[in-house]
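A.B. asks: The structure under discussion is supplied below as structure tokens; questions concerning it will follow.
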Amino acid sequence: MKKILTLFLAAMMIISTLSGCSKNKDTNETSGIENVTETDENTAGSTDETEESADAPDDVAAKFPLEVINDNPSIEGGVLKVALVTSSAFAGILNPVFYQDNYDNQLLTWLTEPIVSYDENFVADQDGAATYEYDTEAKTITLHMREGVKWHDGEPVTLDDLVYAYEVICSKDYEGMRYGESEMNVVGAEEYHNGTADSISGLELSDDEMTLTIHFKDFYPSILVGGFWTHPIPRHYFEGISVKEMAADEKSRVKPIGYGPFKVKNVVPGESVEYERFDDYWMGKPKLDGVVVTVIKPELVPAAMQEGQFDVASFSAQQYPDYTDPTNYQYIGNVETVFSYTGFKLGKWDAANNQNVYNPDSKMAEVKLRQAIGYAVDNATLAKELYSGLRFLATSVITPRHATYQNKDLAGYFYDPEKAKTLLDEAGYIDVDGDGYREDPDGKPFTITWATMEGENAETYAQFKIQNWADVGLKVELYNGRLTEFNAFYEAVEADDPAIDMYDGAWQTGYDPNPASLWGHNSPANYTRYTSDAFDAIVKDISSDKGWDSEFLSQRYHDWQQQFFDEVPAIPTMWRIGILAVNNRVKHYSIVATDIKQTQHLIELTAEDTIK
């Protein structure tokens, strides 16, 4: 079986290369965050792959340093050349309240930052632009803004700017994806959103606007790991611009300001952003003169790095094996807080009431159908052969970076086509007319429409999965008959396009693994639109003061992952190692710089030009 699959993949990669289909298939989103233990491992090819993949990410990541190694003397200033690796133009929403994808997030990290920093366990610490203390009995966090933190136009950053960010997110006119469970947990936020209050009562601001006490309805541990909003936006700068107009305004697109180490000098929409040093950065004058971030297609990265066109570029798992011994650049890497998944469209988003509405009569509502779709695909082999061992079969949507909460007893949806066939038979999906494809329980033709993105070797990926599903009798066709461009894909998925039955995407979960962020009843990021009483009950425990009992909290996370596996609104498919190629003239560059700490201001160069 493995040899057959390897030959299939090899042939498909040749076809993919010839057709020019070589783009970035997966997406990373910000936000935040399951499964019944499967012990049936009697299918050829499944047992070894599953066990190997389950504990491989940390072992593989250990082969890569987290920071570049460079002992050469530094030069003064210089401009860092950064590649934004994507097959599409970036959306260019350079406003932390409105951006939705990781490409815009990469652009934002040079420009601005959260006011609270985090330690290696993702717990908020005291090293950010604001310090804090919390009171579990009073259910409050009190923030204290440091003096001397300035916006790029010279105005001071105050905690009123954080209040303003909350007001935008909680506005009834806000159309972004960040008004969800954690925002609704702030006292008075729902009343403000519903228009019954003129302010958010739970945001208690001092007269000098340098101290802010946030009152929560429930106070639980994940609040301290990114569970509350910490990105201020400048009230004075957006004065006169309505919430409805803000995301499209030039101040969010081509003239944004932040308070990070670099300020925007020029934006070529969709193509590049040029930054210059912000001398008044609160952590000290940056070492670089500036940064230029430019879009490049994934397939062009190896040549571009060899030719010294860029200092930093993410490197694809497919291309890495051919470039393992570079001479003018080095690799750094880590396990990302990212999971890929196949999601099922099971309802609609009710914007008026800010909630997901599950439809028990939806096309994909049958649990055994969804389970069969999971068991039908050999994701372990796909990860190993197509992604060069830098992706791994995911057993949960809780990533290995959140190991404390991960249910490691779950086997996940490993490859078991016979089990998939049995589940489909039990659910009444039978091949009535003998054409090799199953009809629905009423005997009618049954075709599943699947949306997946353009990207590097995306055609190979798509055809492999479609063939896996065909092998168990499921007829799966691509949405609109083709792979979908990144931005168009998410527009359709977010809008609940009725033509989509299931889709493949990926999330970058951020610091907080709390499932309310991505799978909650009130989360617009829950693209499956699935809800259940069992989910709500467990999430309620996780998001309660019971969570201060670490043993109880860990158990409830495990329970939630088990429940997620049982109810299967989505199939977790892969975890990944992220690797960056960094030119040998770069010093003090870390892959976790913006993941944990702000360190861009410390980056230096050791030569005037990139090393070729």
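A.B. asks: If you take just the helices (runs of 4 or more DSSP H) that sit entirely in region 443-562, which of them hold at least 1 residues that are more than 29 Å from residue 181 (Cβ to Cβ)?
C.D. replies: 458-471
A.B. asks: Further question on the same structure: Given the criteria among the aliphatic types (A, V, I, L, M), under 30 Å from residue 285 (Cα atoms) and in contact with a Phe, Trp or Tyr (Cβ under 6 Å, 6 or more places away or on another chain), does residue 143 qualify? Walk me through it before giving the result.
C.D. replies: Working: among the aliphatic types (A, V, I, L, M): yes; under 30 Å from residue 285 (Cα atoms): yes; in contact with a Phe, Trp or Tyr (Cβ under 6 Å, 6 or more places away or on another chain): yes.
So residue 143 fits the description; yes.
A.B. asks: Within region 248-266, is even one residue farther than 17 Å from residue 152 by Cβ, assigned to a strand (DSSP E or B), of a type outside the set (Phe, Trp, Tyr) and modelled with pLDDT of 95 or more?
C.D. replies: There is no residue in region 248-266 that is farther than 17 Å from residue 152 by Cβ, assigned to a strand (DSSP E or B), of a type outside the set (Phe, Trp, Tyr) and modelled with pLDDT of 95 or more.
A.B. asks: What pairs come up if the first residue lies in region 368-394 and is under 18 Å from residue 565 (Cβ atoms), the second is of a type in the set (Lys, Arg), and their beta carbons are under 8 Å apart, counting only those six or more places apart or on different chains?
C.D. replies: Correct list of pairs: 372/419; 372/421; 375/419; 377/465; 392/576.
A.B. asks: Now for a different question. Are there any pairs with C-beta distances below 8 angstrom linking a residue in region 322-338 that is closer than 30 Å to residue 512 by Cβ and at pLDDT 95 or above to a residue that is surrounded by fewer than 22 Cβ atoms within 10 Å (Cβ to Cβ) and among the acidic types (Asp, Glu), with the two at least 6 apart or on different chains, and if so which?
C.D. replies: Pairs that qualify, where the first residue is closer than 30 Å to residue 512 by Cβ and at pLDDT 95 or above and the partner is surrounded by fewer than 22 Cβ atoms within 10 Å (Cβ to Cβ) and among the acidic types (Asp, Glu), are 332/67.
A.B. asks: Then there's this: Considering each residue of region 334-358, count those that are farther than 21 Å from residue 178 by Cα and among the acidic types (Asp, Glu), and give that number.
C.D. replies: 1
A.B. asks: Within the set of pairs 6 or more residues apart or between chains, which connect a residue that is assigned to a loop (DSSP other than H, G, I, E, B) inside region 75-92 to a residue that is of a type in the set (Ser, Thr, Tyr) with Cβ atoms less than 6 Å apart?
C.D. replies: From residues that are assigned to a loop (DSSP other than H, G, I, E, B), the pairs are 86/103; 90/103.
A.B. asks: Kindly indicate which of 202, 226 is surrounded by 15 or more Cβ atoms within 10 Å (Cβ to Cβ), within 24 Å of the chain's Cα centre (by Cα) and within 20 Å of residue 170 (Cα to Cα).
C.D. replies: Going through 202, 226 in turn, the sole match is 226.
A.B. asks: Tell me which residues, restricted to region 563-573, are in a loop (DSSP other than H, G, I, E, B) and over 14 Å from residue 412 (Cβ atoms).
C.D. replies: 569
A.B. asks: Take residue 290 and decide whether it is among the small types (Gly, Ala, Ser) and closer than 24 Å to residue 574 by Cβ.
C.D. replies: Criteria not met by residue 290.
A.B. asks: Can you name the residue in region 277-290 that is of a type outside the set (D, E, K, R) and under 13 Å from residue 602 (Cβ atoms) and, of all such residues, is surrounded by the fewest Cβ atoms within 10 Å (Cβ to Cβ)?
C.D. replies: By that ranking, first place goes to 284.
A.B. asks: Another question about this same structure. Where in region 344-432 are there helices (runs of 4 or more DSSP H), lying fully within it, with 3 or more residues that are modelled with pLDDT of 95 or more and farther than 21 Å from residue 493 by Cβ?
C.D. replies: Hits in region 344-432: 367-375, 417-427.
A.B. asks: Examine region 510-524 for a residue that is at pLDDT 95 or above and either acidic (Asp, Glu) or farther than 21 Å from residue 568 by Cα (or both), and state whether such a residue exists.
C.D. replies: Scanning region 510-524 turns up no residue that is at pLDDT 95 or above and either acidic (Asp, Glu) or farther than 21 Å from residue 568 by Cα (or both).
A.B. asks: Name the pairs: first residue in region 398-409 and under 17 Å from residue 507 (Cα atoms), second residue buried (at least 21 other Cβ atoms within 10 Å of the Cβ) and among the acidic types (Asp, Glu), Cβ to Cβ under 8 Å, at least 6 apart or on different chains?
C.D. replies: Note: pairs meeting the criteria are 398/34; 399/336; 401/336.
A.B. asks: Would you pick out the residues in region 275-321 that are under 19 Å from residue 81 (Cβ atoms), aromatic (Phe, Trp, Tyr) and modelled with pLDDT under 95?
C.D. replies: Matches in region 275-321: 315 only.
A.B. asks: Now, a different point. Going through region 323-340 one residue at a time, which ones are crowded, with 22+ Cβ neighbours inside 10 Å and of a type in the set (Ser, Thr, Tyr)?
C.D. replies: 329, 337, 340
A.B. asks: Something else now. Given the conditions (1) farther than 24 Å from residue 582 by Cα; (2) surrounded by fewer than 17 Cβ atoms within 10 Å (Cβ to Cβ), which single one is not true for residue 369?
C.D. replies: Only one criterion is unmet by residue 369, namely (2).
A.B. asks: If you don't mind, another one. Restricting attention to region 304-321, does a residue exist that is aromatic (Phe, Trp, Tyr), farther than 30 Å from residue 472 by Cα and in a strand (DSSP E or B)?
C.D. replies: Step one: of region 304-321, the residues aromatic (Phe, Trp, Tyr) are 310, 315, 320.
After this cut, where a residue has to be farther than 30 Å from residue 472 by Cα as well, the list is 310, 315, 320.
Imposing the further condition that a residue be in a strand (DSSP E or B) reduces the set to none.
No, region 304-321 contains no residue that is aromatic (Phe, Trp, Tyr), farther than 30 Å from residue 472 by Cα and in a strand (DSSP E or B).
A.B. asks: Within region 135-184, how many residues are in a helix (DSSP H, G or I) and of a type outside the set (Ser, Thr, Tyr)?
C.D. replies: Number satisfying all stated conditions: 11.
The values are calculated or read from the model by the stated rules, or taken from the named source; none is laboratory data. Note that this is a predicted model, so its numbers are computed, not measured. All Cβ positions, glycine included, derive from the backbone under ideal geometry; neighbour counts span all protein chains shown.
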